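The structure appears below as structure tokens.
The values are calculated or read from the model by the stated rules, or taken from the named source; none is laboratory data. Bear in mind the structure is a predicted one, so any value in this text is a computation, not a measurement. No Cβ is skipped: glycine too gets one built from the backbone with ideal geometry, and neighbour counts run over all protein chains shown.
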Amino acid sequence: MKPSVSVVITTYNQAPYIAETVLSALNQTYPHLEVIVVDDGSTDETGARLAPFRDRVALVRQENQGVAASRNTGVRAAKGELIAFLDGDDLWEPDKLDVQVAAYQAHPGSGLIAVDACVFSGAEVLTKSTLPWSTTLSAGDGAVSTGRFHDDLLRDQLICTTSQVMIPARVLKAVGLEQRADHHPNQLSGGQQQRVAIARSLINNPSILLADEPTGNLDTRTSIEVMDIFQRLNKERGITVLLITHEQDIAEYGTRIVQFRDGQVIADRPVTTRREAQHELAALPEAAVV
């Protein structure tokens with residue numbers, strides 16, 4: 001069965017372009033999709049240009065909050081297995097989603113699927129290709145390259161626009177990052193950065209996760225939230241989590257504790273009274289939002 005795709009279009013005062021952008025999404029050759037348009041409080045004619053599409057797309061209008069918040073709004077509304085982003089002044093080739101879905105089905109463990117792009121102004125093509133194929137991106141077969149590109153993404157801006165990107169919804173939802181899909185590392189809290197690390201580790205559907213002091217610099221609530229993720233991954237996916245910690249209370253979230261001293265095992269015992277992070281979170285007072 002073909003996966004469903006949620007197209008999230010974000011726009012703010014892009015009246016001259018938005019209709020053509022929406023049409024490029026609606027005219028995709030891939031049929032299993034929904035189109036969500038988030039108007040981030042436009043003050044020009046964007047709303048009027050979107051009106052003819054009301055029976056074909058889901059329109060969400062919000063007060064101006066910026067493009068990151070707009071994408072988060074779209075992600076929350078999305079129902080698809082895959083989420084594809086499109087900026088309100090960009091265009092897609094008709095087979096763009098077909099190409100990405102085929103790549104995802106061929107490599108279902110992928111956590112991000114990006115296509116090449118060109119930069120244009122009117123009828124003039126300014127940049128034919130934006131992907132720097134001289135990096136390890138060139139290591140794949142034919143037109144599809146797969147691998148771990150984390151280091152490349154840190155060194156260079158390999159992806160010039162979010163309109164190139166498709167993300168499996170499971171990657172965001174598994175670690176509670178649906179509302180942070182568009183944020184950079186320096187825009188994330190310590191706990192959110194830990195969730196990103198967990199999300200990266202889940203990309204290849206591992207049977208074992210190694211977590212080295214994952215709660216070392218986190219407050220109590222965030223530590224419990226991270227441990228809740230690990231417990232859910234163990235219960236729901238059968239993933240074995242090997243967690244290293246110096247904190248006895250954190251160790252008690254596990255099912256077995258192996259204790260070392262000076263490189264030697266001095267104890268190996270089951271946890272008879274296991275702490276349940278989900279229950280502890282439910283008992284905590286609501287966090288204040290400032």
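Being of a type in the set (Gly, Ala, Ser), touching a strand residue (DSSP E or B) at 6+ places or on another chain (Cβ under 9 Å), outside any loop (DSSP other than H, G, I, E, B) and without any contact (Cβ under 8 Å) to a residue 60 or more places away in the chain: is that true of residue 47 here?
So residue 47 fits the description; yes.
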State yes or no: is residue 257 part of a helix (DSSP H, G or I) and at pLDDT 85 or above?
no
Inside region 214-267, can you point out the residues that are more than 26 Å from the chain's Cα centre (by Cα) and of a type in the set (Phe, Trp, Tyr)?
253, 260
Among 228, 262, which is the only one that is among the acidic types (Asp, Glu) and exposed (fewer than 11 other Cβ atoms within 10 Å of the Cβ)?
262
Given (1) of a type outside the set (Lys, Arg); (2) touching a Pro at 6+ places or on another chain (Cβ under 7 Å); (3) touching a residue at least 60 places away in the same chain (Cβ under 8 Å), where does residue 226 come up short, assuming only one miss?
(3)
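If you scan region 207-225, which residues turn out to be assigned to a helix (DSSP H, G or I) and surrounded by fewer than 17 Cβ atoms within 10 Å (Cβ to Cβ)? Walk me through how you get there before you give the answer.
Step one: filter region 207-225 for residues assigned to a helix (DSSP H, G or I), giving 220-225.
Selection gives 220, 221.
So in region 238-290, with the set limited to residues that are among the β-branched types (Val, Ile, Thr) and not assigned by TED's automatic domain parsing to the domain that holds residue 216, which one is farthest from residue 211 (Cα to Cα)?
The residue in question is 290.
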